[in-house]
Structure formats: C-alpha cells, structure tokens
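Asker: Sharing a structure with you now.
The values are calculated or read from the model by the stated rules, or taken from the named source; none is laboratory data. Since we're looking at a predicted model, the values are computed, not measured. Here the Cβ positions follow ideal geometry from the backbone for every residue, glycine too, while neighbour counts run over all protein chains shown. All accessible areas refer to the heavy atoms of the entire protein, side chains included, with ligands and DNA or RNA removed. Shrake-Rupley method; radii C 1.70, N 1.55, O 1.52, S 1.80 Å.
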Amino acid sequence: DNDSFDNFYEYSMGIDPLKASVQGDTYVYDQTIYDVADDDAIDCWDVYDNIPEGWIDVITDPNNRENSVVKLSTDGGTKTGFRYTFQIPNVKEFKVQWRMKYSESCVIYFSCMTTAGHRYIYYDNSDKTNLGIGRYIHHGLDKKVTNGEWAIVQRDLQRDLLEAQPGNKIISINAFLI
C-alpha cells in the first residue's frame, strides 16, 4: 500500500494493511477519500435546509489551480444546511479528516447510528466542549478553523462519542452535514 507503515503495526492497530494509512494527530487511520471535488462526486451533496437559499459548486482552488474544491454558498451563514450522504454507510472507519476554509461561524455534524440509537456528533469553532448526554454530542474545534485559511481537521468519532457517552459505540456513519 506504499504508506511507510509496517503491515504488522497496521494490523495490530485495527487498520487494514492493504489500504493506505495516514498519521493523525495522535493515531494512524485508514485513508478513504469520499469526495475529490469533481462533477461526479457532487451528486452525493444536497442542500437539506434551503432557507435561505444555498448552492453547491465545484470550483478551481484559487490558491492551487491544479486542485478543485466543493464550494458551499449561502446568503444566510449557518442557517442553510448542506449534506454529504455516504452512498454506503461507513461501518469501519470512524477516524475522519476534512479540509475546510471558513471565515464565519460553522457547525459540522456527523450523522451516526450507534448502539444507543441515532446520534449527531458535531463540531464548531468554539473553544469549549459541552459533550452531551442526548442525541447531540458537541466538541469545540477552536476559533482557528474559521480564520479564512484552509484548515485540516482530524477527529476520532468513536473517541469523541465515548468521551460523552461511555459504552456507546458507533455502528455506522451515514452523512456529513454543514
């Protein structure tokens, strides 16, 4: 898989040694790319809350002409909801990474089925983490993710869920919402 990690190490960490792995902030995880920002991948995106109106485009990254990005646009800040629905729910890989460029408040949700029922694990540009005991599990990412520069965010969804609800386990990740 040409990822520089020893296959035995990957296997011992619960990672598929046949897939490329990536070093996270404190962990290694399998690399699966769900959206490469092309016209075919945009089909998995929709606007689930269209008041005020929102639209989805694939554009050339102004900072790197060789790269395309999905641009989510709205006139209403966080009031418009965008959703990426996984064609097949993710039942194995609960460590995630995404890139984002925001200069305003934002909330990122992962729609998950867990052993205790449906949960939204969500992140915002807050300095605080409120966790949660119900359907919504909150973790703050820090205000740096909304400074207008590209930010890479890495999270272990299972770890974030367990911090709030010990014993609860993710069965599947169904969607990514903004």
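Asker: Can we say residue 116 is of a type in the set (Gly, Ala, Ser), more than 27 Å from residue 43 (Cα to Cα), buried (at least 19 other Cβ atoms within 10 Å of the Cβ) and modelled with pLDDT of 85 or more? Outline the logic, then answer.
Answerer: Numbers: of a type in the set (Gly, Ala, Ser): yes; more than 27 Å from residue 43 (Cα to Cα): yes; buried (at least 19 other Cβ atoms within 10 Å of the Cβ): no; modelled with pLDDT of 85 or more: yes.
Against the criterion (of a type in the set (Gly, Ala, Ser), more than 27 Å from residue 43 (Cα to Cα), buried (at least 19 other Cβ atoms within 10 Å of the Cβ) and modelled with pLDDT of 85 or more), residue 116 does not qualify.
Asker: Need the failing condition index for residue 104 against (1) open to solvent by less than 40 Å² (accessible area, probe 1.4 Å); (2) under 22 Å from residue 46 (Cβ atoms), just the number.
Answerer: (1)
Asker: Is it the case that residue 136 is open to solvent by less than 70 Å² (accessible area, probe 1.4 Å), under 17 Å from the mean Cα position of the chain (by Cα) and among the aromatic types (Phe, Trp, Tyr)? Steps first, answer last, please.
Answerer: Values: open to solvent by less than 70 Å² (accessible area, probe 1.4 Å): no; under 17 Å from the mean Cα position of the chain (by Cα): yes; among the aromatic types (Phe, Trp, Tyr): yes.
Criteria not met by residue 136.
Asker: Find the residue count for the stretch 139-176, including only residues that are modelled with pLDDT of 85 or more, in a strand (DSSP E or B) and surrounded by fewer than 19 Cβ atoms within 10 Å (Cβ to Cβ).
Answerer: Final tally of qualifying residues: 8.
Asker: If you go through the stretch 77-93 one residue at a time, do you hit one that is in a strand (DSSP E or B), exposed (fewer than 15 other Cβ atoms within 10 Å of the Cβ) and touching a Lys or Arg at 6+ places or on another chain (Cβ under 8 Å)?
Answerer: no
Asker: Can you name the number of the only condition in (1) outside any loop (DSSP other than H, G, I, E, B); (2) modelled with pLDDT under 80; (3) open to solvent by 60 Å² or more (accessible area, probe 1.4 Å) that residue 51 fails?
Answerer: Tallying (1) outside any loop (DSSP other than H, G, I, E, B); (2) modelled with pLDDT under 80; (3) open to solvent by 60 Å² or more (accessible area, probe 1.4 Å), residue 51 fails exactly one: (1).
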